[in-house]
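Okay, structure first, notes after.
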Amino acid sequence: MKYDLIKIGKSILSKLEANCSGDLDHLKTQLKGLLKDKTFLIVLDDIWEEDPHELVKLMDFLNVGAKGSMVLVTTRYEKIAINMDPVLCHRLDSLSDGECWDLFKETAFVSEAKEARLQHIGRDIVKKCKGVPLAVRSLAFILKFKEGVDEWEDIRDSHLWELEEKQDISFESVLPSLKLSFQHMSATLKLCFVYCSVFPKGSYIDKDLLIQQWIALGFIRLNESFHPERHDYQEMY
């Protein structure tokens, strides 16, 4: 979300096991030297920078390598994609209701009997996800462990679906579905999940270290056979 071209340059160079010091011009010289006569694909995921001047700098920085090299950029905003390249801008469509249903039912239903009993409610829930796979999968996983009709109806009829986010159409379905997923977590899982908010956005989180912190704080109980030195975290419950 916070655009920093020098940080992007250093990140790319670090993947090439190169020295990542210096200003932008020095970083570009390094990148040009490493990728000279080489064909490459660089993927920049989820760009938020809207300033066209900054986007021109980004494209100029990555204008290295042999013919046939490609830079793939993903963004939530069509304006950014158009500024990057109006000709090669490709807008991804949402999933169809049928595709969403196929995605939902392969996770939510563990038996044909459950599908027959709850299918009509499930289809209503899927329509509220507006073709966004993240929304579909997050709710399908929660509903996989719920057998009661009233539990499914609670999610279908929740007031959280009325939330409005004007910034981006994908937020309209993703945020309510994620909030509903959180609401239906067990108390223990909620504690573990909320604890992750102490880490700054974009931080690298060491999985084993995080689990050890959960244990130290009493969020997780351990079986008697658990041995911390072996990292056999499957024995937790």
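Selection of region 192-222 for residues being open to solvent by 90 Å² or more (accessible area, probe 1.4 Å), among the hydrophobic types (A, V, I, L, M, F, W, C) and touching a residue at least 12 places away in the same chain (Cβ under 8 Å) yields only Leu217. For Gly131, the stated conditions hold: it is modelled with pLDDT of 85 or more and under 30 Å from Lys79 (Cβ atoms). Filtered by the rule that a residue be farther than 21 Å from Leu41 by Cβ and modelled with pLDDT under 85, region 5-19 gives a lone residue, Asn19. Checking each residue in region 25-40 for being farther than 18 Å from Leu5 by Cα and open to solvent by 80 Å² or more (accessible area, probe 1.4 Å) picks out Lys36, Asp37, Lys38, Thr39.
Yes/no per residue for (1) part of a loop (DSSP other than H, G, I, E, B); (2) at pLDDT below 75; (3) over 22 Å from Glu106 (Cβ atoms):
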| position | (1), (2), (3) |
| --- | --- |
| Ser138 | no, no, no |
| Glu151 | no, no, no |
| Lys179 | no, no, yes |
| Lys201 | yes, no, yes |
| Tyr204 | yes, no, yes |
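Take Asp51 and tell me if it is open to solvent by 90 Å² or more (accessible area, probe 1.4 Å), over 19 Å from Ser14 (Cα atoms), out of contact with any Phe, Trp or Tyr (no Cβ under 7 Å at 6 or more places or on another chain) and at pLDDT 85 or above. For Asp51, the condition - open to solvent by 90 Å² or more (accessible area, probe 1.4 Å), over 19 Å from Ser14 (Cα atoms), out of contact with any Phe, Trp or Tyr (no Cβ under 7 Å at 6 or more places or on another chain) and at pLDDT 85 or above - is not met. The requirement of being outside any loop (DSSP other than H, G, I, E, B) and either closer than 30 Å to Lys130 by Cβ or open to solvent by 70 Å² or more (accessible area, probe 1.4 Å) (or both) is satisfied by Leu44. On the stretch given as region 67-112, residues that are out of contact with any helix residue (DSSP H, G or I) (no Cβ under 9 Å at 6 or more places or on another chain), open to solvent by less than 100 Å² (accessible area, probe 1.4 Å), under 30 Å from Glu147 (Cα atoms) and assigned to a helix (DSSP H, G or I) total 2.
Condition (residue is under 30 Å from Val56 (Cα atoms) and at pLDDT 85 or above) applied to region 94-116: is it met by at least one residue? Yes - at least one qualifying residue is present in region 94-116.
The values are calculated or read from the model by the stated rules, or taken from the named source; none is laboratory data. In this text, all values refer to a predicted model and were calculated from it rather than measured experimentally. Positions of Cβ are generated from backbone atoms using ideal geometry, with glycine treated the same way; all protein chains shown enter the neighbour counts. These accessible areas exclude ligands, DNA and RNA; they are computed on the full protein's heavy atoms, side chains included. Shrake-Rupley method; radii C 1.70, N 1.55, O 1.52, S 1.80 Å.
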